[in-house]
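A short worksheet on the structure shown next.
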Amino acid sequence: MFFSATDHGALVDNLRLSDIAIRDDQKRPLRVLQLIPQAKLPLRLGLLVDVSGSLQPRFSFEKKAAERFLQRMLSNPADLAFITAFSDKPNVVQDFTGDTKQLSTGIEKLKIGGGTAIWDAVSYVSWKLAAYPDKQRVAKVLVVLTDGQDNLSAITLKQAIRDAEDAGVAVYAISTETFDQLGQFANPVSDADRVLQALAGRTGGEAFFPGNMRSLNKTFDRLQEVIRSRYLIAYKPANLESNGSYHRVTIVAKKDGKRLQVHARKGYYAPSAR
């Protein structure tokens with residue numbers, strides 16, 4: 001499982017195993033196998049961009065901010081990213097690559113138009129990340145840039161969360177719903193924003209609400225820092241059975257006697273017997 005820890009909003013990047021306590025269905029693990037900073041792992045990043053008609057007024061600015069983010073995010077030669085546009089359905093405009101020029105070209109190909117099927121797109125990209133043939137531990141991250149107003153998906157938010165959890169993908173959402181046509185602050189936290197909070201929180205990610213376009217680059221900078229400051233903890237549960245049951249997981253982190261705020265997925269589904 002991946003997690004990040006903060007102390008009054010400041011990311012903590014020097015945790016040791018002795019600083020961590022983990023409970024799986026309220027039980028101690030049989031043993032903890034690894035604690036690794038994510039910065040040491042290859043990144044598999046999916047950028048999912050809402051291209052529905054409602055984003056027209058600020059789309060050019062969003063594309064430039066996304067290009068800048070990807071150029072800074074892919075810092076390890078083993079890092080790979082891909083770009084998927086979605087409106088009525090998802091469309092991969094640039095497949096997995098570590099070449100930031102190709103990724104920038106992919107972003108430039110994005111065109112506005114259509115409805116909004118967010119949950120279908122989240123599910124599609126989660127399984128695309130899971131299907132990449134890696135033979136080593138990697139960090140699988142999905143970044144969604146959207147206003148959060150789904151009106152076409154065939155699946156529900158609950159199913160999209162389940163698919164991301166099963167694929168081992170952490171979802172980070174940047175809401176554009178608070179931008180009006182002039183790029184001014186419009187509405188601090190709408191119902192659509194709360195839905196994005198649920199999606200991100202359940203999968204171990206976070207949701208960000210820039211409020212205006214001037215803050216978007218700063219939001220992407222913060223997101224880069226958050227992703228790179230996560231940890232991977234691997235452990236053997238005390239009571240893992242192949243019955244498809246849901247395991248609630250709690251991670252507690254302390255540093256210098258202070259309890260930190262931990263951002264992690266809420267749990268996982270055990271494998272089902274076949």
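Whether a residue is touching a Leu at 6+ places or on another chain (Cβ under 7 Å) and of a type in the set (V, I, T) was assessed, and V92 does not pass this test.
Against the test of being in contact with a Gly (Cβ under 7 Å, 6 or more places away or on another chain) and β-branched (V, I, T), the options V249, V262 yield a single qualifying residue, V249. When S75 is tested against the conditions (1) at pLDDT below 95; (2) under 28 Å from T156 (Cβ atoms), the lone failure is (2). For segment 79-136, taking the residues that are part of a strand (DSSP E or B), among the β-branched types (V, I, T) and open to solvent by less than 30 Å² (accessible area, probe 1.4 Å), the one that is nearest to Q149 (Cα to Cα) is identified as T84. Residue count for segment 229-240 under the criterion of being assigned to a loop (DSSP other than H, G, I, E, B), more than 17 Å from the chain's Cα centre (by Cα) and modelled with pLDDT of 90 or more: the result is 2. I want to confirm something. Restricting to segment 8-20 and keeping residues that are open to solvent by less than 40 Å² (accessible area, probe 1.4 Å) and in a strand (DSSP E or B), which single residue is farthest from V249 (Cα to Cα)? Checking each candidate, the answer is L11. Pairing residues of segment 207-220 that are modelled with pLDDT of 90 or more with residues that are of a type in the set (S, T, Y), at Cβ distances under 6 Å and at least 6 apart in sequence or on separate chains, gives F208/T219.
Can you work out which of the residues in segment 213-225 that are within 17 Å of L196 (Cα to Cα) and of a type outside the set (F, W, Y) is surrounded by the most Cβ atoms within 10 Å (Cβ to Cβ)?
Within segment 213-225, the first condition is being within 17 Å of L196 (Cα to Cα), and the residues that meet it are 216, 219-220, 223.
Restricting the remaining residues to those that are of a type outside the set (F, W, Y) gives 216, 219, 223.
Numbers: L216: 25, T219: 17, L223: 20.
It comes out as L216.
Would you be able to say whether some residue in segment 52-60 is modelled with pLDDT of 95 or more and either surrounded by 14 or more Cβ atoms within 10 Å (Cβ to Cβ) or within 22 Å of D221 (Cβ to Cβ) (or both)? Scanning segment 52-60 turns up no residue that is modelled with pLDDT of 95 or more and either surrounded by 14 or more Cβ atoms within 10 Å (Cβ to Cβ) or within 22 Å of D221 (Cβ to Cβ) (or both). Of the residues making up segment 106-122, one or more are without any contact (Cβ under 8 Å) to a residue 40 or more places away in the chain and more than 24 Å from A198 (Cβ to Cβ).
The values are calculated or read from the model by the stated rules, or taken from the named source; none is laboratory data. Model, not experiment: these values are computed from the prediction. Note: ideal-geometry Cβ built from the backbone for every residue, glycine included; neighbour counts use all protein chains shown. Ligands, DNA and RNA are excluded from the accessible area calculation, which covers all protein heavy atoms including side chains. Shrake-Rupley method; radii C 1.70, N 1.55, O 1.52, S 1.80 Å.
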